[in-house]
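*Asks:* Take a look at this one; I'll ask things after.
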Amino acid sequence: MVTSWHSAVWLHIGAGSFHRAHQAWYLHRLIEAGDNNWSIALGNIRDDATPLLNNLSAQGGEYVLETVTPAGERAYETITSVKKIIPWDAELSQLIAQGEKSATRVISFTVTESGYYLDNQFNLDQNNADICADLQGGCRTVYGAISHILQQRQRSNGGPVTLLNCDNLRHNGDRFHHGLQQFLTLRQQPALLQWIADNARCPNTMVDRITPRPSPEVAVRVKEQTGKDDRAPVMAEAFIQWVVEDDFIAGRPALEKVGVEMVKSVVPYEEAKIRILNASHSCIAWAGTLLEQRYIHQSTQTESICQMAYRYVTEDVIPSLSPSPLDLKDYRDVVLERFSNPHIQDTNQRVAADGFSKIPGFITPTLVECYQRGDVPRATSQLPALFFVFMQRWAQNQLPYEYQDGILDSQAVKQMFSAKDPIAEYAHDSKLFGELASKPEFETLLRESIAGVYQWLESAKQG
């Protein structure tokens with residue numbers, strides 16, 4: 001059901017490029033079509049986006065989005081849907097104040113996969129320092145922030161609200177909801193848990209648009225093409241997709257009018273996207289980094305790397321996801337074409353991040369399903385093998401950039417690589433590989449695949 005209120009607010013937590021190139025673009029298109037019922041209030045949990053928020057605030061929330069096709073055709077659009085910028089403070093007081101208002105009908109968030117602090121069973125990692133701080137009343141994580149908002153909303157009778165996860169997490173709405181329930185159970189807040197059961201919904205979503213971190217050149221092109229001195233431009237590929245489970249408790253914008261697919265279940269779309277696009281993206285970034293390449297398009301255009309991703313999807317993923325309402329072979333080919341776009345200038349550093357969340361989230365399910373149907377997942381095992389060698393380089397301070405991972409335990413990883421048999425330690429890590437961590441045949445396969453990565457690197461050097 002689409003219900004609109006005049007000046008209803010969509011609060012978004014996570015001021016990175018992706019939201020501004022994706023969800024904000026769709027709401028902007030609605031405004032362009034004459035629907036002014038909804039606007040975005042934008043804030044952040046951490047203070048790392050403060051310079052960006054200040055720049056956006058100085059521009060009245062407006063910024064230019066540059067899009068580029070694989071053929072190099074660029075387009076420029078001034079995005080007008082962000083009407084309020086929420087300044088950051090350590091207590092998130094202004095974010096909470098916006099969230100508790102009854103006019104705020106949807107609260108969405110993009111905090112990256114690792115920002116949900118889930119283990120391989122998708123339960124809350126209670127030992128994480130940020131989670132521990134928030135269990136004591138802090139607001140460092142999405143759970144701390146949302147629980148403070150909902151607590152205030154309950155007290156002030158702010159009414160029902162939809163909590164919308166926009167990150168690359170399988171069953172993302174369900175996973176967030178489960179993590180929030182566990183968090184509030186540990187906080188011993190049964191009344192708030194009941195309020196959420198009665199007054200909140202957490203639809204699952206699938207989001208897709210490659211959005212690199214903006215380089216200084218984007219602002220230069222924006223100035224040349226539009227005449228605007230934009231201090232917060234964003235760029236993305238021309239392709240965009242958003243699939244949303246239509247389960248909103250307090251009304252929603254008429255998103256279907258601007259191309260959002262409102263569906264009963266996002267599962268087939270989400271599985272295809274996470275396993276084909278996200279896992280292949282990581283594969284290409286880890287492999288490309290090992291060859292000291294900087295950009296995703298360079299690595300995708302490297303035949304041996306592209307072949308790894310192609311084989312992984314063709315041999316293991318497509319059998320796992322068939323039958324599907326999507327043409328999976330076509331989807332694979334479109335994805336690899338998108339990754340080959342030289343105009344995006346997406347870095348291997350950005351895509352290689354958060355591997356310790358991506359292995360269990362994007363890759364292990366395919367490994368497990370291959371074994372379940374009696375196949376040996378040789379093509380898929382290349383991905384964790386690449387990550388092993390990638391992290392080995394990290395432990396030796398030999399990566400060409402700083403590796404970023406929200407749940408990286410530096411000490412544990414260094415201990416693993418100084419162990420007598422690092423591969424055995426890696427293969428037996430149940431946080432990464434779940435039930436496979438206890439299977440000798442998986443360890444054997446991983447050893448073969450890691451040896452294969454070393455051979456590939458040697459031949460690439462010589463070639």
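The values are calculated or read from the model by the stated rules, or taken from the named source; none is laboratory data. Remember, predicted model here, so these are calculated numbers, not experimental data. Note: ideal-geometry Cβ built from the backbone for every residue, glycine included; neighbour counts use all protein chains shown. Protein only, heavy atoms only, side chains kept; ligands, DNA and RNA dropped before computing areas. Shrake-Rupley method; radii C 1.70, N 1.55, O 1.52, S 1.80 Å.
*Asks:* Give the residues of segment 267-293 that are assigned to a loop (DSSP other than H, G, I, E, B), surrounded by fewer than 21 Cβ atoms within 10 Å (Cβ to Cβ) and on the phi < 0 side of the Ramachandran plot, sorted by residue number.
*Replies:* Leu291
*Asks:* Within segment 166-195, count every residue that is touching a helix residue (DSSP H, G or I) at 6+ places or on another chain (Cβ under 9 Å) and open to solvent by less than 20 Å² (accessible area, probe 1.4 Å).
*Replies:* Summing the residues that are touching a helix residue (DSSP H, G or I) at 6+ places or on another chain (Cβ under 9 Å) and open to solvent by less than 20 Å² (accessible area, probe 1.4 Å) in segment 166-195 gives 9.
*Asks:* Follow-up question, since we're still on this one. Against the condition over 17 Å from the mean Cα position of the chain (by Cα) and over 13 Å from Pro253 (Cβ atoms), how does Glu32 come out, does it pass? Please lay out each step first, then the result.
*Replies:* Values: over 17 Å from the mean Cα position of the chain (by Cα): yes; over 13 Å from Pro253 (Cβ atoms): no.
Judged against the criteria, Glu32 is not a match.
*Asks:* Can you give me the ranges of the helices (runs of 4 or more DSSP H) entirely in segment 374-463 with at least 3 residues that are open to solvent by less than 30 Å² (accessible area, probe 1.4 Å) and farther than 21 Å from Tyr117 by Cβ?
*Replies:* Once the helices (runs of 4 or more DSSP H) in segment 374-463 are filtered for at least 3 residues that are open to solvent by less than 30 Å² (accessible area, probe 1.4 Å) and farther than 21 Å from Tyr117 by Cβ, what remains is 378-395, 422-427, 440-462.
*Asks:* On to the next question. Any residue in segment 156-177 that is assigned to a loop (DSSP other than H, G, I, E, B), modelled with pLDDT of 95 or more and among the hydroxyl-bearing types (Ser, Thr, Tyr)?
*Replies:* Within segment 156-177, one or more residues are assigned to a loop (DSSP other than H, G, I, E, B), modelled with pLDDT of 95 or more and among the hydroxyl-bearing types (Ser, Thr, Tyr).
*Asks:* Which one of these does Lys84 not meet: (1) in a helix (DSSP H, G or I); (2) within 27 Å of Asp246 (Cβ to Cβ)?
*Replies:* Going through the list (1) in a helix (DSSP H, G or I); (2) within 27 Å of Asp246 (Cβ to Cβ), Lys84 breaks only (1).
*Asks:* Sticking with this one: Residue by residue through segment 39-88, note down the ones that are open to solvent by 40 Å² or more (accessible area, probe 1.4 Å), modelled with pLDDT under 95 and touching a Pro at 6+ places or on another chain (Cβ under 9 Å).
*Replies:* Pro70
*Asks:* Oh, and also: When only residues in segment 335-355 that are aliphatic (A, V, I, L, M) and at pLDDT 95 or above count, which is surrounded by the fewest Cβ atoms within 10 Å (Cβ to Cβ)?
*Replies:* Ranking the qualifying residues of segment 335-355, first place goes to Leu336.
*Asks:* Can you tell me which residue is farthest from Val267 (Cα to Cα) among those in segment 306-343 that are free of Cβ contacts under 8 Å to residues at least 60 places away in the same chain, of a type in the set (D, E, K, R) and in a helix (DSSP H, G or I)?
*Replies:* Applying the filter and picking the extreme gives Asp333.
*Asks:* Restrict the check to segment 298-309 and report whether at least one residue is over 21 Å from the mean Cα position of the chain (by Cα), over 22 Å from Leu118 (Cβ atoms) and of a type in the set (D, E, K, R).
*Replies:* yes
*Asks:* Could you please give the count of residues in segment 117-136 that are modelled with pLDDT under 95 and in a loop (DSSP other than H, G, I, E, B)?
*Replies:* 10
*Asks:* While we're looking at this one, here's another question. Step by step: first the residues of segment 91-116, then only those that are within 19 Å of Gly16 (Cα to Cα), assigned to a loop (DSSP other than H, G, I, E, B) and not hydrophobic (A, V, I, L, M, F, W, C), then the one that is most open to solvent (accessible area, probe 1.4 Å). Which residue is that?
*Replies:* For segment 91-116, the residue satisfying everything is Thr112.
*Asks:* Let me ask something additional. Looking only at segment 196-234, which residues are closer than 30 Å to Val244 by Cβ and open to solvent by 50 Å² or more (accessible area, probe 1.4 Å)?
*Replies:* Hits for segment 196-234 are Ala197, Asp198, Arg201, Arg213, Pro214.
*Asks:* Regarding Met416, is this residue closer than 19 Å to Ala279 by Cα, at pLDDT 95 or above and out of contact with any Ser or Thr (no Cβ under 9 Å at 6 or more places or on another chain)?
*Replies:* No; evaluated as a whole, the condition is false for this residue.
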